[in-house]
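Participant: Here it is, the structure, as structure tokens.
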Amino acid sequence: MTPEYRRLRVALLGAGAVGSQVASLLLQHGDELADRAGAVLELAGIAVRDVNAPRDVDLPAELFTTDAESLIVGADIVIELMGGIEPAREYILQAIGSGADVVTANKALLATHGPELFEAADQVGASVHYEAAAAGAIPIIRPLRDSLAGDRIVRIMGIVNGTTNYILDRMDTEGADFADVLAEAQRLGYAEADPTADVESYDAAQKAAILASLAFHTAVPLEAVHREGITGVTKAMIDQARDADQVIKLLAVCERIDVDGAESISVRVYPALVSRTHPLASVHGAHNAVFVEAEAAGDLMFYGAGAGGIQTASAVLGDVVSAARRHIAGGTGVGESTRANMPVAPIGHVVTRYQITLEVDDQPGVLATIAGILSDGGVSVATVVQTVVDLSTPVAEPGRSTGTGIPTALLVIGTHRATEQALSDTVARLAESDVVERVASVLRVEGE
Ligand code: NAP
């Protein structure tokens, strides 16, 4: 016998890449979703800017409206898939205020106004679900919030931006240049015409702020996330990493750190060297992965599609089913917590390993001078490799001669763990040294 389910009105805001797929799946799989949610999910309407715009999938014309505010009134669940800050923020607050539960995939909004939305929801006992906001289809929000609620997260290292992983992966596997791969990624639709949000790591920084807030029960403002892009990553750096059995990945790193005896957190996004034996090294193409280190559970890896309309719709619909179950069960539940509220430490306090590549004069005494500068700066050397690969020229030129007539050597120095502050002070002194022609690159080494 088919159970008599309560009907819940679902309002959808946005029918773009993700929203149109969410609407289509809701309509196609209504019966199954009703059984899973314990409620009939009735798509009450879809708010868009232009009701006549072409859609990725066929959807009933009568569902479309440009009047989002009227649609929200009387909705039990509001799915926000418009993107951007306003009017998305205003609509979500209206939905919460009128007693609806909210599902959103809007990382930009959550990274900047998350605490405001969670507090508004807490006050009225509503819930805000955002599984799709951090790594598309990959279940990571619920594992962090629920499955790992009994554990303590030590560190998260995520490849959370598909475009940059695609670019770095093609540079690695095909020996291609950054500019060439970016142009092709734009042609294939993997990268936007304006790639800034991806290649300068703004998108990854938003996701890092969301993941760190959740993992460490701390409000992490976007401005506290240290952010570096991948535009400075050259083919030579990638080649050098490959020769050393490493790969360069854009990582979002969120970790617990100790600052002068006080528990703090660090949240940072930058290109880093990762050993080829690390699970993150095998994340290819536009895929995403989040590697979580927890005190009791140990290492966990979550892998899959970080974007895509229908893939992201899967995560959104999972949230809709959760929201429906909660709506039926009632009760406020426990919302997002910032009870730990640890300070977010500036980048200078981060401790990791580094690889410094220097172009130096190839003459006696140079190594001793450099070793002295590193030691004075409190940076201890783990490995030194002298190589003939020249980072500034496409073709390796052994013993390239400089204008001074002194040949140039390339020194690749791997350090032991040191603070960023010690490292950057030392690199500045190296750059000023008479024996160093150029600091070719400085990369963090993560995952070791
Ligand atoms: P999109 O393709 O640009 O679609 C946006 C939709 O919102 C369109 O249907 C648009 O209407 C509607 N819209 C925009 N402003 C509106 C307004 N003021 N009033 C009413 N409707 C408005 O965006 P998307 O790629 O689906 O992304 C949606 C959200 O999911 C974003 O927050 C994004 O960050 C997130 N997300 C996307 C992906 C992905 O792979 N695309 C992955 C993870 C998360 P018109 O169609 O009439 O213009």
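Values quoted throughout were computed directly from the atomic coordinates according to the rules given, and no laboratory measurement underlies them. Note that the structure is predicted; figures quoted are calculated from it, not measured. Virtual Cβ from ideal backbone geometry, glycine too; neighbours counted across all protein chains shown.
Participant: Determine if segment 336-347 includes at least one residue that is assigned to a helix (DSSP H, G or I), within 21 Å of the chain's Cα centre (by Cα) and in contact (Cβ under 8 Å) with a residue 12 or more places away in the chain.
Facilitator: yes
Participant: Would you point out the residue of segment 78-94, among those that are within 20 Å of the chain's Cα centre (by Cα) and surrounded by fewer than 17 Cβ atoms within 10 Å (Cβ to Cβ), that is nearest to the ligand (Cβ to nearest atom)?
Facilitator: My answer is 84.
Participant: Inspect segment 60-69 for any residue being farther than 25 Å from residue 136 by Cα, among the hydroxyl-bearing types (Ser, Thr, Tyr) and more than 11 Å from the ligand (Cβ to nearest atom) and give the result as yes or no.
Facilitator: Looking through segment 60-69, none of the residues is farther than 25 Å from residue 136 by Cα, among the hydroxyl-bearing types (Ser, Thr, Tyr) and more than 11 Å from the ligand (Cβ to nearest atom).
Participant: If you don't mind, another one. Please count how many residues of segment 95-121 are crowded, with 22+ Cβ neighbours inside 10 Å and within 16 Å of the ligand (Cβ to nearest atom).
Facilitator: Residues meeting the conditions: 12.
Participant: Within segment 433-448, can you find the residues that are touching a helix residue (DSSP H, G or I) at 6+ places or on another chain (Cβ under 9 Å) and either of a type in the set (Ser, Thr, Tyr) or surrounded by fewer than 20 Cβ atoms within 10 Å (Cβ to Cβ) (or both)?
Facilitator: Listed by number, the residues that qualify are 433, 434, 435, 438, 439, 441, 442.
Participant: Look through segment 34-53, keep the residues that are more than 33 Å from the chain's Cα centre (by Cα) and in contact (Cβ under 8 Å) with a residue 40 or more places away in the chain, and return whichever of them is farthest from the ligand (Cβ to nearest atom).
Facilitator: 38
Participant: Can you pull out the residues in segment 29-54 that are surrounded by fewer than 18 Cβ atoms within 10 Å (Cβ to Cβ) and out of contact with any Lys or Arg (no Cβ under 8 Å at 6 or more places or on another chain)?
Facilitator: 29, 30, 31, 32, 35, 36, 49, 50, 51, 52, 53, 54
Participant: Among the residues in segment 144-157, are any in contact with a helix residue (DSSP H, G or I) (Cβ under 9 Å, 6 or more places away or on another chain), under 23 Å from residue 282 (Cα atoms) and either in a loop (DSSP other than H, G, I, E, B) or within 15 Å of the ligand (Cβ to nearest atom) (or both)?
Facilitator: Checked segment 144-157: no residue is in contact with a helix residue (DSSP H, G or I) (Cβ under 9 Å, 6 or more places away or on another chain), under 23 Å from residue 282 (Cα atoms) and either in a loop (DSSP other than H, G, I, E, B) or within 15 Å of the ligand (Cβ to nearest atom) (or both).
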